[in-house]
Structures are given as C-alpha cells and as structure tokens.
Amino acid sequence: MTRIAFIGLGNMGGGMAANQAKAGREVMAFDLSPAALDKAAAAGCGKAASVAEAVQSADAVITMLPAGPHVRQVYAEQILPNAPTSALLIDCSTIDVESARAVAAQANAGGFRFADAPVSGGTAAAEAGTLAFMVGCDEADFPAVEDAIKPMSRVTFRAGDHGAGQAAKICNNMVLGISMIGVCEALALAEKLGLDPAKFHEISSQSSGQCWSLTSYCPWPGPVPTAPSNRGYEGGFATAMMLKDLKLAQEAAAKAGAATPLGASAEGLYALFDRLGGGGKDFSAILEMLRGRSVQPG
Ligand code: NAD
C-alpha cells in the first residue's frame, strides 16, 4: 500500500494526508481549494491537477469530503471512471448511511473494494495520527483497510458491512450530543442551587453521573484544563458539526422507524444554539445558552 490518492484536504483531510506522507507513502493529493493543496504539498504530498489525475495509479483512494452529496458525486463522476479497479476505496467523511451503501454498491458493481470509515477524534487527532476509525466493509477487505489507514489511526474497528461504519459514527455522536446537554443542564442547576459546579464535577465524576462529557471534556471552565471551556470554547468540535451529525441520526432514525426522542431534543437544542450564533463554538458552549447567558458568536 504505497501509492495513496487523497481527496479533500480540509481541516481533517490536511492532517490525515500529511501523516500518510510522513509514513513514507507516495501521496497524490487533490482539493478544490488551491490553498489546501499548497498546504498538503508543503507537508510532503504530491499535487494533482484533478481527482482523475490523483487516482489514476493509486493503490488506495482516501476521501475526506464535507457531506453525502459531495461523496456521491466525486465517486460517480471522478473516482470510479478513473481509478484502477485494483485500488482500495476508503471514504472517511461523515455521511448518511444510505449514501455510504449506494456508493459501496456502485463501487462493487464496477469491480472495486470499498469501505466507509468515518472517524472520531477531531482536528488535533487528525494531525497527531490518533483518530479512531469505524469501518463498514466486507470482512475479507478489513486487513487491507487497516493497513491503508494505519498512519492516521490510534484504533480501528470493523463495525460490520457497508454502512455500518457510518451507523456507528452517528449513534456514537448522538450519545455524545445528548450526554453533553445532560451534563450542562446539571451544571447549570448546581449553580442555581448554590452548589459549586467544580465541586459537583468532582463528586459526579466518581458517582453514577460519570461520563466522558463530564470527566474528559467538562463544559464548565476549570476542572478539565484541556477542555475547550478553558479557551472560550474555541477549537474542538464545532456546534455546526455536532448539529450535522444529529441531523444524520434523526434522518436515519426516521427511515429505520427507531424512536430517538432525546436525539430529537438534542438536535432541536443545538439548532437553537446555532441560530443564536454558537455554530462556530465548540459544542460544549451550549452550557452558556442553558445558563441563560448571551451567546458570543464564534
Ligand atoms: P472541511 O470543509 O474543512 O474540508 C472538506 C474539504 O473538501 C475542503 O477543503 C473542500 O475544498 C474539499 N472538497 C469539497 N468538494 C470537493 C471536491 N469535489 N473535490 C475535491 N475536494 C473537495 O471539512 P472537515 O472538517 O475536514 O470535515 C471533513 C469530514 O470529516 C466531514 O464529513 C466531517 O463531518 C467529518 N469530521 C469532521 C471532524 C472535525 O472535527 N472537523 C471530526 C470528525 C469527522
């Protein structure tokens, strides 16, 4: 697995492509943004003039694009007609399960192997090569997928067949969105009851309220120094991104006939926070809205 085509060099893809080059692989990169492409070139990637040129002699093609429609279009119009059928195709974007399965079916029909492999970890993990990958692919293809993504990953799971990676990702982020709101509501209530929120953090972290949103990513400034709450909720995982993932979860739930009332509430609350100007802030900043404070746009 030495020749990698990397398509989509944004906040996530830029760091991921750089780690492929750092691992000694020959990376041919492409992005619609010339600035993103220049940055990837400075990190050791080759510059392609188009998707078609990037993929033409690739062992593996990795895509990191904004959403389902971009992935459907780039695969149908540019990757499948131009890549060798021996190339392993891996889409790391977060998209809807239906699009992932449709692209997989199209790729398989053209004689390609395909995996949906969305990630958890954010831009810092993308740069550090410590992302968690959730993969949906044929069982026989998983070792090759693991090998292709190794320079970018801390841990890789095969969630199941095509689409299962995306299903795991949106279910995980629905838990995260709901649990963050629960933690924020409890902290806001603790404050109103005259209980020091930092003391509440200490107690609940060792009681049954313990969860990742509280102990590793505390939305109240202070108790967890690395959390975005200590830097004005800048950086981290943007509210707009969380909202996108919660919408994907709701669309999937509606299609599958699953009851997700707390997921729906979380989507509504994040949509409100986004409308109030919080879209660019880390998603833990929803604490400010729940405390009744004015939202500083970010
Ligand atoms: P981004 O907008 O920074 O990057 C996307 C890149 O794709 C852009 O540089 C854009 O120019 C490029 N692009 C769009 N259409 C293209 C095309 N037709 N051909 C070539 N390039 C094209 O987004 P991001 O933050 O890097 O996120 C990428 C994906 O990863 C999304 O699906 C997102 O949901 C997911 N994700 C993001 C994070 C995060 O913290 N940012 C975390 C986990 C997963």
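We did not get these values from a lab; they are worked out from the coordinates using the rules stated. None of these values were measured; they are calculated from a predicted model. Every residue, glycine among them, receives a Cβ derived from its backbone with ideal geometry; neighbour counts consider all protein chains shown.
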Query - Three principal axis lengths of the chain [C-alpha, angstrom, descending] - result: 65, 44, 34
Query raised in the report: What's the angle, to the nearest 10 degrees (0 to 90), between helix 97-109's Cα axis and the longest principal axis of the chain?
Result: 10 degrees
**Report entry** Violating pairs (Cα-Cα greater than 31 angstrom) within the set Lys47/Lys247; Lys199/Lys247; Lys47/Lys255; Lys39/Lys255; Lys199/Lys281
**Finding:** Lys47/Lys247; Lys199/Lys247; Lys47/Lys255; Lys39/Lys255
Query raised in the report: For Ala49 and Asp196 in the same chain, what is the full-extension length gain: residue separation times 0.36 nm, less their Cα-Cα distance, in nm?
Result: 47.2 nm
Query raised in the report: Looking only at region 155-195, which residues have a backbone nitrogen under 17 Å from a spot 7 Å from the Cα of Ala256 in the C-beta direction?
Result: 158-178
Report summary line: Listed with the fewest Cβ neighbours within 10 Å leading, Val224, Val145 appear as Val224, Val145
Report task. Calculate I(q)/I(0) for region 3-161 by the Debye formula, one identical point scatterer on each C-alpha and no solvent, and give its log10 at q = 0.09, 0.16 Å⁻¹ to two decimals. Result -> -0.23, -0.78
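When the helices in the chain are scored as -39500 (n - 2.57) per DSSP H run of 4 or longer and the sum is shared across all residues, what 222 nm value do you end up with, to the nearest 500 deg cm²/dmol? All intermediate terms of the calculation are to be shown ahead of the outcome.
On the way: 13 runs with 137 residues, N = 298.
Here the helix-only value at 222 nm equals -13500 deg cm²/dmol.
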Query raised in the report: Of all the Cα-Cα pairs you can form in region 212-287, what percent are over 20 Å apart?
Result: 36 percent
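Counting only C-alpha contacts under 8 Å and six or more residues apart, can you give the relative contact order of the chain as a whole percent? Can you show the working numbers first?
Working: 568 pairs, mean separation 37.3, N = 298.
Reported relative contact order: 13 percent.
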Report summary line: In terms of the charge dipole of region 167-290, which places +1 on Lys and Arg and -1 on Asp and Glu at the beta carbon, the residue among Pro223, Leu287, Ala256 farthest towards the positive end is Ala256
**Report entry** Burial ordering of Asp96, Asp138, Asp282, fewest other beta-carbon atoms within 10 Å first
**Finding:** Asp138, Asp96, Asp282
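Taking only the alpha-carbon atoms of region 88-236, what semi-axes of the equivalent ellipsoid follow from 5 times the gyration tensor eigenvalues under a square root, in whole Å, largest first?
On the way: eigenvalues 286, 46, 28 Å².
Result for region 88-236: semi-axes of 38, 15, 12 Å.
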**Report entry** At q = 0.09, 0.11, 0.13, 0.17 Å⁻¹, base-10 log of I(q)/I(0) for region 149-267 (Debye sum, equal scatterers on each alpha carbon)
**Finding:** -0.31, -0.46, -0.63, -0.98
Requested in this report: Report relative contact order for region 167-290 in percent, whole number only (criteria: Cα-Cα under 8 Å, sequence separation at least 6).
Outcome: 32 percent
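Once you keep just the Cα pairs under 8 angstrom separated by 6 or more residues, what percentage relative contact order results for region 80-135? Don't skip to the answer; put the middle values down first.
Numbers: 61 pairs, mean separation 19.9, N = 56.
In percent, rounded to a whole number, it is 35.
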Query raised in the report: Using only Cα atoms, what Kirkwood radius does region 52-119 have, in angstroms?
Result: 11.5 Å
